[in-house]
Amino acid sequence: MAKELEVKVLDIDKNEIEKRLKEVGAKLISREYQINTIFDTEDRSIKNKQNGYLRIREKRDLDKGSVSYIFTLKKNISRDGVRENLEIETKIENKEALIRILESLNLKIVHEGTKERIKYKYEDITFDIDTWDNETYPYTYLEIEVKQKDDLQRAIRLLNLDESKVTLKSLAQIRMELGLGDL
């Protein structure tokens, strides 16, 4: 179980962000193709009562060719200057078997989306450049994950980012604002 502190930076130029990351000495960690499958009950109790979601993430490392699966319960616990989430994760071996188990417990797939993620690390700051399929979210954004709130401002200054484009909102909230529907 881990807490994560994160924000999204919207309306980015992917190539420009990668250029800036390389210029400051950030290290490329991975390039991934992901399939994210979200589960909930019919009445959406995980989303509505727990302010979270249940996800199976299939990660395909585009450089190494490896595939891994992670099962996650993610709950938002604070939005005080930075989005603070509680994540409980475990690796799984058989995605299809877990899907059948979840469906037998009356959980259903409420959304499945794919994305390319390019991950960089600079000291204790993780930078994820996320490009989703057009149906899930048609614009590339940068997600910044830090261990301490102070590092957030440092990350924004490091890359000379426009603070007006920084948001604490979840992808579901951003989609709703754009009229793309709920996740």
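What follows draws every value from the coordinates through simple rules; no lab data is involved. Since we're looking at a predicted model, the values are computed, not measured. Heads up, the Cβs are rebuilt from the backbone with ideal geometry, glycines too, and the neighbour counts pull from every protein chain shown.
Looking across the range 148-183, the residues that are within 16 Å of Glu4 (Cα to Cα) and touching a Lys or Arg at 6+ places or on another chain (Cβ under 9 Å) come down to Thr167, Leu168, Lys169, Ser170, Leu171. For the range 29-54, a residue qualifies if it is more than 17 Å from the chain's Cα centre (by Cα) and surrounded by 12 or more Cβ atoms within 10 Å (Cβ to Cβ), and the qualifying residues are Asp40, Thr41, Arg44, Ile46, Gln50. Scanning the range 95-125 for residues that are of a type in the set (Ser, Thr, Tyr) and either touching a helix residue (DSSP H, G or I) at 6+ places or on another chain (Cβ under 7 Å) or touching a residue at least 60 places away in the same chain (Cβ under 8 Å) (or both) yields Thr114, Tyr120, Tyr122. Here Phe71 meets the list (1) closer than 24 Å to Glu135 by Cβ; (2) out of contact with any strand residue (DSSP E or B) (no Cβ under 7 Å at 6 or more places or on another chain) almost entirely, failing just condition (2). For the range 146-183, a residue qualifies if it is part of a loop (DSSP other than H, G, I, E, B) and either closer than 14 Å to Phe127 by Cβ or acidic (Asp, Glu) (or both), and the qualifying residues are Lys147, Leu159, Asn160, Leu161, Asp162, Asp182. Criterion applied to Arg20, Arg31 was being under 30 Å from Glu163 (Cα atoms), touching a residue at least 40 places away in the same chain (Cβ under 8 Å) and out of contact with any strand residue (DSSP E or B) (no Cβ under 7 Å at 6 or more places or on another chain), and the one residue passing it is Arg20.
Consider the range 1-28 and keep the residues that are touching a helix residue (DSSP H, G or I) at 6+ places or on another chain (Cβ under 8 Å) and within 21 Å of Leu178 (Cβ to Cβ). The one that is surrounded by the fewest Cβ atoms within 10 Å (Cβ to Cβ) is Asp11.
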